[in-house]
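Here's the structure we're looking at; comments come further down.
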């Protein structure tokens, strides 16, 4: 689950991570009031007005601007709120700006990158440090890997002091700046583990000319599988920032991700779903979604899955690929037939059922009188769905 920058900073602040003062604004009037308050409390000649959306690259897209007065903050907010911001992470459709973060200005001397995430290859957390703050870390890793330090952290022992010092040394810091950076990194790691984050990214981490070390930006992603331990974090979810199809799917406990293809996919099991998408691509089609209906694949979940797939107008055919291990194939076939009749399914549907009572299920599909095409194997299913697209 993603959250906004201001929400991430509020959480980090509780763990002693240094962040600038900031106030959330939902209107130009609130932005002006926030700027007035910040100008009274600070010596900086500017405040920063930041669009709050779940995407990076806001600065290049015009979503981060400086204001030298409360009146200028009002004007910037008037122009920003309600507009659609298009960045390299939003896609061409962009995201609507509904709220802003008005933040104290910083007298920046240097910018760095600090991030923590899980390295699945080593089953350890990894602390990533780069001297190239403000840049995409993927680009740094590809073009100038010598400017990126990765420190593996054993989750049983946690981040050690010598590792935090190694990171600060890599950034070339000395004296008070060095000590502040070490404290910052240790506090950030404590926050990352305590809140069960999947990603804690500070880009940029800045050192001011006064020697302060702060998180100028903060991106926090939670591990959705651990949210049952942090039910208060569920209140931070902003569904207006999420794909409406994905939000609807989550209400039915379906794992759905929309893509840009034309073949709707309904599969049980994440691994099988990935394999199905690959086979569709190899056969010449383009998957329109990732949809995992779970091991049970009941008639209810099948029906909800069809409704969500059909909500995407780009879908021209559907491939259902179910392995009947936990659930019998004939029961799934019955659910597919029932759902197809109930929602008036007009698109060609290719169905591959494998497992318990697969032969009975195939007979049920053949005799249904509906536009349900049984497939023998995944390769055959992928070929038949691409043929249906060109029919």
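The values are calculated or read from the model by the stated rules, or taken from the named source; none is laboratory data. No experiment lies behind these values; they were computed from the predicted model shown. Every residue, glycine as well, gets a Cβ built from its backbone with ideal geometry; the counts of neighbours run over all protein chains shown.
Descriptive notes on the structure:
- Hey, residue 279 under 16 Å from residue 350 (Cα atoms), modelled with pLDDT of 85 or more and in contact with a strand residue (DSSP E or B) (Cβ under 7 Å, 6 or more places away or on another chain) or not: no
- The criterion of being in the same structural domain as residue 284 (by TED's automatic domain parsing), assigned to a helix (DSSP H, G or I) and buried (at least 20 other Cβ atoms within 10 Å of the Cβ) does not hold for residue 350.
- Residue 308 vs. criteria under 30 Å from the mean Cα position of the chain (by Cα) and assigned to a helix (DSSP H, G or I): yes
- Condition broken by residue 232, with the remaining ones in (1) surrounded by 14 or more Cβ atoms within 10 Å (Cβ to Cβ); (2) part of a helix (DSSP H, G or I) satisfied: (1)
- Restricted to the range 109-218, the set of helices (runs of 4 or more DSSP H) holding at least 3 residues that are under 26 Å from residue 57 (Cβ atoms) and touching a helix residue (DSSP H, G or I) at 6+ places or on another chain (Cβ under 9 Å) comprises 175-194.
- Subset tally (residues that are in contact with a strand residue (DSSP E or B) (Cβ under 6 Å, 6 or more places away or on another chain), surrounded by fewer than 17 Cβ atoms within 10 Å (Cβ to Cβ) and not in a loop (DSSP other than H, G, I, E, B)) for the range 31-63: 0
- All of 221, 225 fail the test of being in contact with a strand residue (DSSP E or B) (Cβ under 7 Å, 6 or more places away or on another chain), over 30 Å from residue 283 (Cα atoms) and either in contact (Cβ under 8 Å) with a residue 60 or more places away in the chain or in the same structural domain as residue 148 (by TED's automatic domain parsing) (or both), apart from 221.
- Complete set of residues in the range 254-268 that are farther than 12 Å from residue 308 by Cβ, in contact with a helix residue (DSSP H, G or I) (Cβ under 9 Å, 6 or more places away or on another chain) and not in a strand (DSSP E or B): 259, 261, 262, 268
- Among the conditions (1) surrounded by fewer than 24 Cβ atoms within 10 Å (Cβ to Cβ); (2) under 21 Å from residue 243 (Cβ atoms), residue 306 misses just one, which is (1).
- Residue match in the range 330-341 (condition: part of a helix (DSSP H, G or I), touching a helix residue (DSSP H, G or I) at 6+ places or on another chain (Cβ under 9 Å), in the same structural domain as residue 376 (by TED's automatic domain parsing) and under 20 Å from residue 279 (Cβ atoms)): yes
- Take the conditions (1) within 26 Å of the chain's Cα centre (by Cα); (2) buried (at least 17 other Cβ atoms within 10 Å of the Cβ); residue 124 misses just one of them, which is (2).
- The one condition from (1) in the same structural domain as residue 385 (by TED's automatic domain parsing); (2) farther than 30 Å from residue 94 by Cβ; (3) surrounded by 16 or more Cβ atoms within 10 Å (Cβ to Cβ) that residue 285 does not meet is (2).
- When residue 20 is tested against (1) buried (at least 19 other Cβ atoms within 10 Å of the Cβ); (2) outside any loop (DSSP other than H, G, I, E, B), just one condition goes unmet, and that condition is (2).
- Number of the exception - residue 71 against (1) in contact with a strand residue (DSSP E or B) (Cβ under 7 Å, 6 or more places away or on another chain); (2) modelled with pLDDT of 95 or more: (1)
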